[in-house]
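The values are calculated or read from the model by the stated rules, or taken from the named source; none is laboratory data. These figures come from a predicted structure and were not determined experimentally. All Cβ positions, even for glycine, are placed from backbone atoms using ideal geometry, and neighbour counts span all protein chains on display.
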Amino acid sequence: MAMSGMNGRDSRRRYRPLAEINVTPLVDVMLVLLVIFMVTAPLMTSGVSVDLPKTDAKPLNTDARPLTVSIDAKGEIFLQNQQVDLPTLVSKLQAISSGDPTRQIFVRGDAGITYGLVVQVMATITQGGFTKVALLAQPPAGGPVVPAPAPAPHPGH
């Protein structure tokens, strides 16, 4: 009878539910997902190749009394409300600012003109010694901007 009592205790131990969690499969799956995301993340960035103009622009700061340089849809340049030529822009800015190179200058460009012209005007101003040149844009009306979907890649690119 003593033997039957031992068998009863062993059977209770043997069929006892296991209360441990095996994390090895979880770690394996997580590592596989990590590798997949590391490989696919660079492929998901969509970019458009753009030939950016080169300039010697310097960092921007703020000022309480800015001058405004505007470029209209025809590509004509205005300092405050007077039309100026690009070669004489710096000399007129220096005369108005009394030679203060830290005077804030805002550059406003019409949406229909080329980006290169705006950068050329900004580069001319910074090469003239002005260090605080800022580009102005009008915020969209009607709330936050919803980004447009990225264009589908063209075959062969």
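From the list GLY116, GLY142, GLY99, GLY112, the one residue that fits, being over 30 Å from LEU43 (Cβ atoms), out of contact with any strand residue (DSSP E or B) (no Cβ under 8 Å at 6 or more places or on another chain), surrounded by fewer than 16 Cβ atoms within 10 Å (Cβ to Cβ) and modelled with pLDDT of 85 or more, is GLY116.
Rundown of residues vs (1) over 30 Å from THR124 (Cβ atoms); (2) exposed (fewer than 10 other Cβ atoms within 10 Å of the Cβ); (3) of a type in the set (A, V, I, L, M, F, W, C); (4) modelled with pLDDT under 90, yes/no style:
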{"position": "MET3", "(1), (2), (3), (4)": "yes, yes, yes, yes"}
{"position": "PRO17", "(1), (2), (3), (4)": "yes, yes, no, yes"}
{"position": "ILE21", "(1), (2), (3), (4)": "yes, yes, yes, yes"}
{"position": "ILE36", "(1), (2), (3), (4)": "yes, no, yes, no"}
{"position": "LEU43", "(1), (2), (3), (4)": "yes, yes, yes, yes"}
{"position": "SER46", "(1), (2), (3), (4)": "yes, no, no, yes"}
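In the condition set (1) loosely packed, with under 14 Cβ neighbours inside 10 Å; (2) in contact (Cβ under 8 Å) with a residue 40 or more places away in the chain; (3) in contact with a strand residue (DSSP E or B) (Cβ under 7 Å, 6 or more places away or on another chain), GLN80 is compliant with all but (2). Among the residues of region 112-138, those that are in a loop (DSSP other than H, G, I, E, B), over 20 Å from the mean Cα position of the chain (by Cα) and not charged (D, E, K, R) comprise GLY112, ILE113, THR114, GLY128, GLY129, PHE130, THR131. Test LEU31 against the criterion of being surrounded by 10 or more Cβ atoms within 10 Å (Cβ to Cβ), modelled with pLDDT of 85 or more and either among the small types (Gly, Ala, Ser) or within 33 Å of the chain's Cα centre (by Cα) (or both), and give yes or no. So LEU31 fits the description; yes.
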